[in-house]
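To start, the structure under review is shown below, and the notes come after it.
The values are calculated or read from the model by the stated rules, or taken from the named source; none is laboratory data. All values derive from a computational prediction rather than experimental measurement. Virtual Cβ from ideal backbone geometry, glycine too; neighbours counted across all protein chains shown.
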Amino acid sequence: MTTHAHPYGIMAEFETPAQIMEAAKKVSAAGYRFWDCHTPFAVHGLDKAMGIKRTILPVLVFGAGATGATLGIFLQAFTNASSVSIWALVWVTGYPFLISGKPLMSVPSWIPVIFELTILLAALSAAGLMLLLNGLPRLSHPLLSNNRFRRASDDRFFVVIEARDPKFLRSKTEAFLKSLGAKHIEVVENR
Amino acid sequence: MSSTSPQSATKGFVDTDNTQQPLTGRVQLVLNMHSFGEVTHQVCRVAENRPPLAWYVAFAICLGMVGFLGFCVTYLIFTGVGVWGLNNPVMWAYDITNFVFWVGIGHAGTLISAILFLFRQKWRTGINRFAEAMTIFAVICAGLFPGIHVGRVWFAYWLFPIPNSMDMWPQFRSPLLWDVFAVSTYFTVSLVFWYIGMVPDLATLRDRAKGKFQQFAYGLAAIGWRGSMRHWHRYEVAYLLLAALATPLVLSVHSVVSFDFAVSQVPGWHTTIFPPYFVAGAIFSGFAMVVSLAVPARQLFGLKDLITLRHLDNMNKIILLTGCMVGYAYSMEFFIAWYSGAMYEKFAFVNRAFGQYWWAYWIMVSCNVITPQLFWFKAVRTSIPLMFILSIFVNVGMWFERFVIIVSSLANDYLPSSWDAFVPTWVDIGTMVGAFGLFGVLFLLFCRYLPMIAIAEVKAVMPEADPHAGHAGHAGDHAHATEGSR
């Protein structure tokens with residue numbers, strides 16, 4: 001097989017959360033950078049053991065929520081309390097609604113819509129940016145072509161060290177993963 | 001798929017009592033299973049194997065009801081809202097009753113998935129997936145009613161601030177418009193929350209799929225999830241954020257629904273207690289619906305080891321609590337009507353209990369306040385037939401609550417000369433029944449093709465998931481990992 005010349009990486013299979021926790025600490029300590037753990041559920045504390053930095057997601061979501069609130073204020077002020085024309089894909093003009101002599105800028109009655117738009121934008125960005133930062137959706141991946149890897153969503157825990165890692169050396173990395181007590185070690189082809 | 005222990009025939013079909021365990025400390029939430037593979041198998045086989053005969057029967061019945069719904073709605077659109085029994089004072093009746101009823105049903109799903117998550121109630125993992133599905137399907141049913149109630153449905157897009165050549169905008173000071181924003185945001189956020197929570201389990205179904213089509217469909221739906229810990233890290237943060245956003249959202253939705261009434265000046269509607277009272281009622285009815293669905297579903301699909309008696313016991317306690325809150329609201333409404341000294345307000349409430357809709361009022365009180373009190377007894381809370389009957393009672397009672405609030409207030413308001421009575425037509429009843437069919441069809445399809453239980457989340461609350469188990473040196477970490485494990 002010629003594909004062996006450029007494998008995606010090497011995967012090591014473990015059977016319990018405790019085993020992968022130990023393995024992750026050692027891989028991290030060995031100085032690998034392009035590597036990952038694949039688990040059927042989020043193992044408590046494994047991200048810390050791997051040395052994953054806390055994601056920036058909450059900051060971005062806060063920004064999206066603030067944008068939603070601002071949008072809510074401007075939407076209502078423009079459509080119900082102004083007569084200016086703006087360009088929003090087409091030219092549109094606001095209409096100052098006068099109802100029962102109430103003030104045009106009736107901010108208390110705007111609160112529900114401002115609130116809902118805040119939540120809407122924040123929630124959509126929380127989900128969307130999480131996927132984006134994770135590089136998803138992704139329709140194919142070398143690991144997903146591996147039959148043994150299917151159990152990563154069932155009851156097995158995998159450590160994968162990628163070939164692009166500067167410290168990756170097939171024989172050495174394989175021996176290193178063996179020393180961690182993996183149940184099974186396999187080279188993952190790049191296809 | 002290789003399972004680590006042989007599957008006995010009764011597995012998942014027999015109840016094990018785990019309600020005797022103490023309230024504090026680690027409670028067993030997954031019974032008779034000690035490996036992750038068993039949990040995967042137990043949940044996935046529902047989607048992988050042919051469903052039991054009862055599924056086909058229920059599906060056929062529900063599909064028939066949907067057909068009738070389609071007929072009623074088409075007839076309504078072609079003829080006009082006059083085919084309902086609406087008349088001059090009673091311009092809202094079954095349609096808005098059904099709308100409020102279905103939105104309310106949805107609330108339990110969000111409460112379970114978001115609020116119980118924030119409170120670290122681990123027992124939610126067994127029931128959150130299908131409770132969230134219930135939320136989405138209930139909101140679909142709810143959205144149907146105002147949609148067709150607008151009369152000229154081809155102008156329904158006027159509800160949204162869409163730039164148009166007429167330079168016409170919605171009126172943002174109207175609670176009805178707040179409702180449009182609240183319900184559509186609620187639907188969108190619930191859908192996103194549900195789907196994001198389901199992605200890891202869809203990956204499980206993808207990895208187990210045998211057929212080419214299943215592999216393709218689940219593969220597409222799982223969007224390339226491969227359980228990467230770097231992904232899990234962001235996923236967990238996003239999930240927490242979604243829960244934190246959905247919590248105030250769910251409280252706001254039924255508050256805004258109650259503003260439809262409370263902001264108006266109709267006696268019986270114009271009260272400040274409405275927002276909290278509606279939210280409590282929504283959670284009350286929603287939990288009753290979860291019990292009504294969970295009891296047959298766990299029986300039919302053999303999920304008794306995952307949706308245990310303890311889960312049902314906990315839900316019945318919430319029904320009891322919210323039932324008491326609703327009962328308090330009923331009595332407080334009466335007290336304030338008397339205490340305010342407002343004669344129309346006083347009349348509205350006496351008329352509710354003893355006027356032309358007295359029977360609806362007393363059905364409401366019996367089903368919502370009196371019968372749920374039986375849940376004080378543990379024997380009732382853990383009896384499958386009794387809890388099923390009581391949960392149906394609550395569903396009925398909560399439907400009548402909305403009917404009483406809406407119709408009795410409108411039928412007899414300020415001016416006796418304009419009083420009238422509302423009598424439903426066959427289209428009213430057909431649409432109401434049909435909505436239940438629509439809900440049933442969606443729910444049955446969900447049970448058949450999607451993971452009914454959050455597999456990844458259930459695995460994470462098993463004792464086996466603790467990465468420090470069996471390491472004496474990590475006593476401190478261990479205590480941290482099991483904290484709040486109820």
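Quick check on this structure: which one of A:Ala122, A:Ala126, A:Ala42 is among the small types (Gly, Ala, Ser) and in the same structural domain as A:Phe157 (by TED's automatic domain parsing)? Even if it seems obvious, please write down each step before you answer.
Working: A:Ala122 fails: in the same structural domain as A:Phe157 (by TED's automatic domain parsing); A:Ala126 fails: in the same structural domain as A:Phe157 (by TED's automatic domain parsing).
Checking each option against the conditions leaves just A:Ala42.
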query: Before we move on, is A:Gly31 loosely packed, with under 15 Cβ neighbours inside 10 Å and in contact (Cβ under 8 Å) with a residue 24 or more places away in the chain?
result: yes
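Just to be sure before I move on: is B:Ala156 buried (at least 18 other Cβ atoms within 10 Å of the Cβ) and either at positive phi or small (Gly, Ala, Ser) (or both) in the structure I sent? Break it down stepwise before answering.
Working: buried (at least 18 other Cβ atoms within 10 Å of the Cβ): no; either at positive phi or small (Gly, Ala, Ser) (or both): yes.
For B:Ala156, the condition - buried (at least 18 other Cβ atoms within 10 Å of the Cβ) and either at positive phi or small (Gly, Ala, Ser) (or both) - is not met.
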query: Can you name every residue in region B:36-90 that is outside any helix (DSSP H, G or I) and in contact (Cβ under 8 Å) with a residue 24 or more places away in the chain?
result: B:Pro51, B:Pro52, B:Gly80, B:Trp84, B:Gly85, B:Leu86, B:Asn87, B:Asn88, B:Pro89, B:Val90
- prompt: Within region A:27-39, which residues are in contact with a strand residue (DSSP E or B) (Cβ under 7 Å, 6 or more places away or on another chain) and either assigned to a strand (DSSP E or B) or not aliphatic (A, V, I, L, M) (or both)?
  reply: A:Tyr32, A:Phe34, A:Trp35, A:Asp36, A:Cys37, A:His38, A:Thr39
- prompt: For A:Phe149, are the conditions met, namely being within 30 Å of A:Ile185 (Cα to Cα), out of contact with any Pro (no Cβ under 8 Å at 6 or more places or on another chain) and either in a helix (DSSP H, G or I) or of a type in the set (Gly, Ala, Ser) (or both)?
  reply: yes
- request: Filter the helices (runs of 4 or more DSSP H) completely within region B:425-484 down to those with at least 1 residues that are at pLDDT 65 or above and farther than 21 Å from B:Val57 by Cα.
  value: B:426-449, B:455-460
- line: Being among the aliphatic types (A, V, I, L, M) and in contact (Cβ under 8 Å) with a residue 40 or more places away in the chain narrows B:Leu249, B:Leu241 down to just B:Leu249
task: Working carefully through the options B:Phe388, B:Phe334, B:Phe393, find the one that is touching a Cys at 6+ places or on another chain (Cβ under 8 Å), of a type in the set (Phe, Trp, Tyr) and part of a helix (DSSP H, G or I).
output: B:Phe393
All positions within region B:169-193 that are facing chain A (nearest Cβ under 8 Å), of a type in the set (S, T, N, Q) and farther than 16 Å from A:Pro112 by Cα: B:Thr188
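Considering only residues of region B:125-136 that are buried (at least 24 other Cβ atoms within 10 Å of the Cβ) and not small (Gly, Ala, Ser), which is nearest to B:Gly437 (Cα to Cα)?
Looking at residues that are buried (at least 24 other Cβ atoms within 10 Å of the Cβ) and not small (Gly, Ala, Ser), I get B:Met134.
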- prompt: With (1) closer than 20 Å to B:Ser190 by Cβ; (2) surrounded by fewer than 20 Cβ atoms within 10 Å (Cβ to Cβ); (3) in contact (Cβ under 8 Å) with a residue 12 or more places away in the chain as the list, and B:Val266 as the residue in question, which single condition is left unmet?
  reply: (1)
- prompt: Of all helices (runs of 4 or more DSSP H) completely enclosed by region B:200-311, which ones contain at least 1 residues that are under 30 Å from B:Ser409 (Cβ atoms) and within 14 Å of chain A (Cβ to nearest Cβ)?
  reply: B:229-262, B:274-300
- prompt: Which one of B:Phe119, B:Phe187, B:Phe101 is within 14 Å of the chain's Cα centre (by Cα), more than 29 Å from A:Ile73 (Cα to Cα) and among the aromatic types (Phe, Trp, Tyr)?
  reply: B:Phe101
query: Which one is surrounded by the fewest Cβ atoms within 10 Å (Cβ to Cβ), of the residues in region B:55-102 that are closer than 13 Å to B:Gly440 by Cα and touching a Leu at 6+ places or on another chain (Cβ under 7 Å)?
result: B:Trp55
message: So, in region A:98-140, how many residues would count as being at the interface with chain B (Cβ under 8 Å from one of its Cβ atoms), without any contact (Cβ under 8 Å) to a residue 60 or more places away in the chain and surrounded by 17 or more Cβ atoms within 10 Å (Cβ to Cβ)?
response: 14
message: When you scan region B:281-298, do you find a residue that is surrounded by fewer than 24 Cβ atoms within 10 Å (Cβ to Cβ), in contact with a Gly (Cβ under 7 Å, 6 or more places away or on another chain) and either modelled with pLDDT under 90 or of a type outside the set (Phe, Trp, Tyr) (or both), even just one?
response: no
message: I'd like to know if region A:75-88 contains one or more residues that are over 18 Å from A:Leu133 (Cα atoms), within 9 Å of chain B (Cβ to nearest Cβ) and under 31 Å from the mean Cα position of the chain (by Cα).
response: yes
task: Could you tell me which numbered condition A:Ala175 fails, if it satisfies all but one of (1) within 7 Å of chain B (Cβ to nearest Cβ); (2) part of a helix (DSSP H, G or I)?
output: (1)
- prompt: Among the residues of region A:141-167 satisfying the criterion of being at the interface with another protein chain (Cβ under 10 Å from one of its Cβ atoms) and of a type in the set (A, V, I, L, M, F, W, C), which is farthest from A:Lys178 (Cα to Cα)?
  reply: A:Leu144
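In the list A:Ala64, A:Ala42, which residue meets the criterion of being among the hydrophobic types (A, V, I, L, M, F, W, C), touching a His at 6+ places or on another chain (Cβ under 9 Å) and within 11 Å of chain B (Cβ to nearest Cβ)? Walk me through how you get there before you give the answer.
On the way: A:Ala64 fails: touching a His at 6+ places or on another chain (Cβ under 9 Å).
Result of the check over A:Ala64, A:Ala42: A:Ala42.
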